[in-house]
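Below is one structure; the comments refer to it alone.
Please treat every number below as a calculation from the coordinates, not as lab data. What you are looking at is a predicted structure, and each value in this text was computed from that prediction instead of being measured. Because the Cβ atoms are built from the backbone with ideal geometry, glycine has one as well, and the counts that use them run over all protein chains shown.
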Amino acid sequence: MRISRRRFLKNAAIGMAASPLTSLLWLGSQRVGLQNVKNKLKVPKFVKADGYLMVPAPNVSDLGGGRFSKVWAYTTFPGPSLTARSGDTVSIRLVNKLREETITHWHGVMVDTANDGGPQEVIERGEHYDYQFPILQRAAMNWYHPHPHMMTGEQVNLGLAGAFVIRDDEEDALSLPSGKYEIPLLLRDASFDADGNLKYVPDDGGFFGDVPLVNGTLSPTMKVDKGMYRLRILNCANARVFRIGLSNGQQMVLIGNDGGLLTQPVGQSQIVIGPAERLDLLVDFSSLAAGDTVVLKDFSTGWELLEFSGSGFAGYSYSVPPNLSVIAPLDGPSDPTRVFEFMGHNLINGQSFDMDRIDFSVPFGVVERWQFYAVSAGPHPIHVHGASFQVVSRVGGRNQVFPWERGWKDTVLLNSQETVDVLVRFDNYRGRYLLHCHNLEHEDMGMMSNFEVV
Ligand code: C2O
Ligand code: CU
Ligand code: CU
């Protein structure tokens with residue numbers, strides 16, 4: 001299977017000359033090694049989603065220490081963390097200032113087809129798209145990214161992604177760390193050309209970059225006070241699965257994931273997070289002395305993702321409550337309602353995506369059991385639009401449902417030879433939605449399916 005020619009042509013067009021100054025800075029920092037110089041972590045601003053004017057456009061971003069890269073940005077790289085509350089109605093205008101078509105999808109936000117930002121809704125350069133949707137769901141960290149046909153991988157990789165945080169009264173009542181103690185962390189990997197600009201070099205298996213970026217920062221460091229932090233993690237990499245943990249082995253307290261809070265907190269020293277998945281973690285830095293450091297690492301590669309450096313100042317003291325939320329388990333069939341086989345790099349049940357074909361229809365309001373099976377060529381992070389689901393089993397491969405897969409999910413990681421069953425009920429809207437692999441190269445090559453809720 002080959003990457004589409006359309007995309008390779010696009011890639012060729014991205015190569016843009018850097019100014020002599022940026023090249024110089026870039027080469028200088030390469031000489032000292034990426035992991036030796038620490039840069040202050042960028043933290044994307046929280047911005048009210050309602051009324052937001054979203055303008056994806058070519059831009060330049062400081063990746064840290066004056067190391068500039070050409071990017072495609074929703075104003076900043078990464079985009080602002082949009083916020084809304086349950087019950088709000090959100091209006092957003094998207095204006096396309098890219099040199100190609102785009103559309104923005106609100107990953108994890110339950111919206112109707114017209115607001116879902118799928119490939120049918122793309123707009124050309126200079127055009128706009130007006131979204132308006134109510135926030136129907138509970139507090140959770142969702143995200144936004146482009147979803148054009150066959151060009152999602154490129155657009156996300158060049159910088160188009162941001163967090164979309166929903167809040168509600170239930171979450172407020174927990175008095176979780178907030179303000180400077182609540183930090184969205186957008187993890188991804190990246191590659192650069194000789195001028196230090198982001199370079200998209202996909203292959204059939206997916207894009208795998210040379211270095212990690214956290215919030216668009218190379219080798220980031222962040223000062224932390226002696227207290228509790230809420231780290232809201234999104235894996236917005238095209239294809240890379242991270243196994244995150246702290247360098248000192250200290251446990252992180254997992255309190256939520258894709259669809260919001262779990263019922264109970266659970267301590268974990270390492271957590272696997274696939275593309276598009278989210279984690280809500282509490283990390284206690286109260287014993288980190290001034291000047292001491294602890295590092296958030298990816299234990300799959302050994303990469304240092306983010307250094308935390310003790311400030312010595314008093315922070316937010318918090319004891320984690322034993323109960324966080326109540327989640328009623330979906331009551332569904334014990335045999336699969338539908339089976340989806342993910343094959344090669346581009347097929348679901350032997351078919352590759354066709355925008356104009358609806359592959360199946362699902363009755364509104366009925367709990368179904370969907371079975372995902374990865375024939376090979378995994379991992380495949382499987383994502384469903386239009387509803388959250390509950391993971392009930394994994395057979396083969398890793399053979400278990402992990403603590404971070406409890407509660408409500410919209411993306412589940414499927415390794416080769418694994419069979420994962422989920423229960424799902426579409427009770428938000430009738431209409432057309434997508435099921436796809438969130439390895440963005442797999443998705444772009446066709447590992448995606450249209451279905452209709454009827
Ligand atoms: Cu995050 Cu269909 O996408
Ligand atoms: Cu989505
Ligand atoms: Cu896949």
Item checked: Residue-wise HN-Hα coupling along the stretch 421-437, computed from phi with Karplus coefficients 6.51, -1.76, 1.60 (Hz; x: Gly, Pro) -> 9, 10, 9, 9, 9, 8, 10, 9, 9, 8, x, 8, 9, 10, 10, 7, 7
Item checked: the stretch 260-332-the stretch 402-427 distance, computed between alpha-carbon centres (Å) -> 21
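Show me 290-302, 246-258 ranked by packing, highest mean number of other Cβ atoms within 10 Å first. Provide the component values of the computation, followed by the final result.
Details: 290-302: 15.4, 246-258: 19.1.
Per-residue mean Cβ counts within 10 Å order the peptides as 246-258, 290-302.
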Notebook entry, point to check: For the stretch 380-427, with the dipole built from +1 on Lys and Arg beta-carbon atoms and -1 on Asp and Glu ones, taken about the Cα centre, which of Leu414, Ser388, Val424 lies farthest toward the positive end?
Noted result: Leu414
Next item on the list: Could you give log10 I(q)/I(0) at q = 0.10 Å⁻¹ for the chain, computed by the Debye formula over C-alpha point scatterers of equal weight, without solvent?
Entry: -0.68
Next item on the list: Quick one: which residues, 5+ away or cross-chain, put their amide H under 5 Å from the amide H of Glu277? H built at 1.01 Å from N.
Entry: Asn235
Margin query: Please list, in order along the stretch 85-92, the HN-Hα scalar couplings obtained from phi with the Karplus expression 6.51 cos²θ - 1.76 cosθ + 1.60 (θ = phi - 60°), rounded to whole Hz, x for Gly and Pro.
Written below: 10, 3, x, 5, 10, 10, 10, 9
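For the chain, what does the relative contact order come out to in percent, with C-alpha contacts under 8 Å and a separation of six or more? Let's see the in-between values first.
Values: 1251 pairs, mean separation 66.6, N = 454.
It comes to 15 percent, rounded to a whole number.
Treat every Asp and Glu Cβ in the stretch 179-314 as -1 and every Lys and Arg Cβ as +1, leave all other atoms uncharged, and give the resulting dipole magnitude about the Cα centre to the nearest 20 debye. Let's see the in-between values first.
Working: 11 positive and 16 negative charges, 83 e Å.
The calculation lands at about 400 debye.
Computed FRET efficiency, Cβ-Cβ of Glu170 and Gln264, R0 22 Å: what is it to the nearest 0.05?
Calculated value: 0.95.
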Checklist line | Reachable aspartates and glutamates from Lys180, criterion Cα separation under 15 angstrom, eight or more residues apart if same chain | finding: Asp225, Asp284
Margin query: What whole-number distance in Å separates the alpha-carbon centres of the stretch 230-257 and the stretch 52-122?
Written below: 23
Next item on the list: Before anything else, pin down the relative contact order of the stretch 179-314: Cα pairs under 8 Å, at least 6 apart, normalised by residue count, whole percent.
Entry: 28
Next item on the list: For n ≥ 4 DSSP H runs only, could you compute -39500 (n - 2.57) per run for the chain, divide by its residues and tell me the 222 nm figure to the nearest 500?
Entry: -2500 deg cm²/dmol
Margin query: Give me a comma-separated list of calculated 3J(HN,Hα) values for the stretch 53-65, in order, Karplus coefficients 6.51, -1.76, 1.60 applied at θ = phi - 60°, integers in Hz, x for any Gly or Pro.
Written below: 9, 9, 10, x, 7, x, 7, 10, 10, 7, 7, x, x
Item checked: Built amide H within the under 5 Å cut-off of Val71, gap 5+ -> Asn59, Val60, Ser61
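Where nothing but the Cβ of Lys and Arg (+1) and of Asp and Glu (-1) is charged, how large is the charge dipole of the chain around its Cα centre, in debye to the nearest 20? Write out the running numbers ahead of the final one.
Details: 41 positive and 49 negative charges, 238 e Å.
Rounded to the nearest 20 debye, it is 1140 debye.
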Check: Using modelled backbone amide H atoms (1.01 Å from N, in-plane), which distant-in-sequence or interchain residues come within less than 5 Å of Lys223's amide H?
Finding: Ser309
